[in-house]
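The values are calculated or read from the model by the stated rules, or taken from the named source; none is laboratory data. Bear in mind the structure is a predicted one, so any value in this text is a computation, not a measurement. Cβ: placed from backbone, ideal geometry, glycine included. Neighbour counts: every protein chain shown. For accessibility, only protein heavy atoms count, side chains too; no ligands or nucleic acids. Shrake-Rupley method; radii C 1.70, N 1.55, O 1.52, S 1.80 Å.
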Amino acid sequence: MALGLLSTGCGGADNGGSAAEKKTGEVTFWSFVKGSDKVADAFNRTHPGVKVNFESVPSGQEYYSKLTNAVKAGTVPDVAVVEYPQLPEFATQGELESLDKPLGSLVKAHFPASVSRLVELGGRTWGVPRDAAPLMLYYRKDFFKAHKIGVPKTWNEYRDMTVRVKKADPKTRGGVMFTDNPGLLSALSWQAGSRWFGTQQDAWKVSLDDAPSRKVADYWGGLARQGLVRSLSTLDPFWTSVQQNHTVAYVCASWCAGSQQATVPDQAGKWSVAPVPTWDGKPASAMYGGSSFVIPKGAKNSGAAAEFIKWITTDPAGMKAWVSDGTSSMFPADPRLVSVARTAFATDYFGGQDIYAVGSKSYKAVVPGWTWGPVMGTTNTSLIDGLPKVADGSVKLLDVLNSAQQATVKDIRHRGMKLAP
């Protein structure tokens, strides 16, 4: 069944269990994740038989192009970070070692199905999860209290909240629609019950415009058209709006806690987190982001690489090294490590609130069945091309999903993979 899911001429991606038995020597480690240098240093101090050489790489498409070119040139690192949406594309193109033999049992033993299925394809394990990135609602509790606005539990209540926020202060909004990152749109579709991708026997199924996604598109497109949420690019424009008190609520993942604390430190004590609103008021969540570690095809020391990956994803000492500097609020994909992260992350910014308790409930409520597609670079590019047009009112969000559906199907066919009828 796996063969039909992979590209024609995939160059050996089907070599299951090819990691070497050697567990000593030098390991080259590529990552753009915060704290990666500290994790490598901590591992080196406690594992004298292995030396990890960390190399910082840029994030985004520039990095993934660099990794693909390294596979072609035979100059790959032994360990690399790959985000969940990008993992199937690397696996289907034959650019990863199968981890069935060295780490497959570890993945099954340590990670819930909602995240382990994100690193599995065609019956093989291609990566080991690092973080889970469950959705949460961030809100300015002082603003909400001053204007007697309740914390929304449903999406209907969320719409009402955005109306009240705008009425209380015409310059302020209770939400954001990002114009340069489709990650939140996909997470909200996932939460609504959509399954953008799936497999049927040996073929791919693509459903970016299914009923749950259409519901999400109508809802968020309407909020944007009515000016109830702010349409912004991520990073600087978004954090500037928070800093200027122009954004007092937004949906994000667990990692936003650390980012906000580091970027907008002067609002300490003013923010709280809550479960993400749902359509029917019952717990339901999804993941916005998250990453895994892989062994690229052609790695020179995959045996030692597997030992390093195991330590940094499932060992308490490895988790402590990730969050020891206090800038990361990553939510461990391994539930047994949540207590380690909770202890390491200071809660002063959120008024002493246990944000990991909220994250744990969100993680448990992740809707099962989500799978990322094999050409997410194409899918995301199409979405990013259309999102700014939603912001300026020239197209509907549903039209953006339809265009991404067509572009995705076309590229899957172009790469020689099968599509379900």
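Residues in region 207-223 that are in contact with a helix residue (DSSP H, G or I) (Cβ under 8 Å, 6 or more places away or on another chain), within 26 Å of Leu6 (Cα to Cα) and open to solvent by 20 Å² or more (accessible area, probe 1.4 Å): Ser207, Asp209.
Of everything in region 104-155 that is open to solvent by 50 Å² or more (accessible area, probe 1.4 Å) and of a type in the set (Asp, Glu), the residue that is nearest to Trp239 (Cα to Cα) is Asp142.
If I go through region 147-156 residue by residue, how many of them are in contact (Cβ under 8 Å) with a residue 12 or more places away in the chain and farther than 19 Å from Ala286 by Cβ? Please lay out each step first, then the result.
Of region 147-156, the ones in contact (Cβ under 8 Å) with a residue 12 or more places away in the chain are 147, 149, 151-155.
Of the ones still in play, those that are also farther than 19 Å from Ala286 by Cβ are 147, 149, 151.
Summing the residues that are in contact (Cβ under 8 Å) with a residue 12 or more places away in the chain and farther than 19 Å from Ala286 by Cβ in region 147-156 gives 3.
Output the residues belonging to region 74-118 that are in contact with a Gly (Cβ under 9 Å, 6 or more places away or on another chain), part of a helix (DSSP H, G or I), at pLDDT 95 or above and among the polar types (S, T, N, Q). Matches in region 74-118: Gln86 only. Checking the conditions here, which among Val395, Val390, Val375 is modelled with pLDDT under 95, surrounded by 18 or more Cβ atoms within 10 Å (Cβ to Cβ) and in contact with a Lys or Arg (Cβ under 9 Å, 6 or more places away or on another chain)? Just a single option satisfies the conditions, and that option is Val390. If I filter region 366-402 down to residues being outside any loop (DSSP other than H, G, I, E, B) and among the small types (Gly, Ala, Ser), which single residue comes out as nearest to Phe178 (Cα to Cα)? Restricting to residues being outside any loop (DSSP other than H, G, I, E, B) and among the small types (Gly, Ala, Ser), the top hit is Ala391.
Annotation note: of Lys389, Lys396, Lys418, the sole residue that is without any contact (Cβ under 8 Å) to a residue 24 or more places away in the chain and touching a helix residue (DSSP H, G or I) at 6+ places or on another chain (Cβ under 8 Å) is Lys389. Among the residues of region 123-131, at least one is outside any loop (DSSP other than H, G, I, E, B) and more than 16 Å from Pro335 (Cα to Cα).
Test Val273 against the stated conditions and say whether it is in contact with a strand residue (DSSP E or B) (Cβ under 8 Å, 6 or more places away or on another chain), of a type outside the set (Gly, Ala, Ser) and open to solvent by less than 10 Å² (accessible area, probe 1.4 Å). It would help to see each step written out before you state the result.
Details: in contact with a strand residue (DSSP E or B) (Cβ under 8 Å, 6 or more places away or on another chain): yes; of a type outside the set (Gly, Ala, Ser): yes; open to solvent by less than 10 Å² (accessible area, probe 1.4 Å): yes.
Yes.
In this structure, Pro265 does not qualify as out of contact with any strand residue (DSSP E or B) (no Cβ under 9 Å at 6 or more places or on another chain), open to solvent by 40 Å² or more (accessible area, probe 1.4 Å) and within 17 Å of Ala132 (Cα to Cα).
Which residues, taken from region 342-365, are part of a loop (DSSP other than H, G, I, E, B) and of a type in the set (D, E, K, R)? Quick ask: steps written out before the conclusion?
Taking region 342-365 first, the residues part of a loop (DSSP other than H, G, I, E, B) are 345-347, 351-354, 365.
The one that is part of a loop (DSSP other than H, G, I, E, B) and of a type in the set (D, E, K, R): Asp354.
The set of residues in region 156-206 being in contact with a helix residue (DSSP H, G or I) (Cβ under 8 Å, 6 or more places away or on another chain), modelled with pLDDT of 95 or more, hydroxyl-bearing (Ser, Thr, Tyr) and within 19 Å of Thr247 (Cα to Cα) consists of Thr162, Thr172. In the set (1) on the phi < 0 side of the Ramachandran plot; (2) surrounded by fewer than 20 Cβ atoms within 10 Å (Cβ to Cβ), Leu383 fails one condition alone, (2). Step by step: first the residues of region 165-204, then only those that are basic (Lys, Arg) and surrounded by 16 or more Cβ atoms within 10 Å (Cβ to Cβ), then the one that is farthest from Gly393 (Cα to Cα). Which residue is that? Among them, the one singled out is Arg195.
Yes or no, residue by residue, for (1) in contact with a Ser or Thr (Cβ under 6 Å, 6 or more places away or on another chain); (2) aromatic (Phe, Trp, Tyr); (3) on the phi > 0 side of the Ramachandran plot:
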{"position": "Arg130", "(1), (2), (3)": "yes, no, no"}
{"position": "Tyr138", "(1), (2), (3)": "no, yes, no"}
{"position": "Trp155", "(1), (2), (3)": "no, yes, no"}
{"position": "Thr162", "(1), (2), (3)": "no, no, no"}
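Within region 359-385, can you find the residues that are touching a Leu at 6+ places or on another chain (Cβ under 8 Å) and farther than 16 Å from Leu118 by Cα? Working first, answer last.
Looking only at region 359-385, we keep the residues that are touching a Leu at 6+ places or on another chain (Cβ under 8 Å), and these are 362, 370-372, 374, 379, 383.
Matches in region 359-385: Ser362, Thr379, Leu383.
Restricting to region 322-372, and then to whatever is of a type in the set (D, E, K, R) and open to solvent by 20 Å² or more (accessible area, probe 1.4 Å), can you tell me which residue is nearest to Gln406 (Cα to Cα)? That would be Lys364. When region 398-420 is filtered for residues that are within 30 Å of Leu228 (Cα to Cα) and open to solvent by less than 10 Å² (accessible area, probe 1.4 Å), the ones remaining, listed by number, are Val400, Leu401, Ala404.
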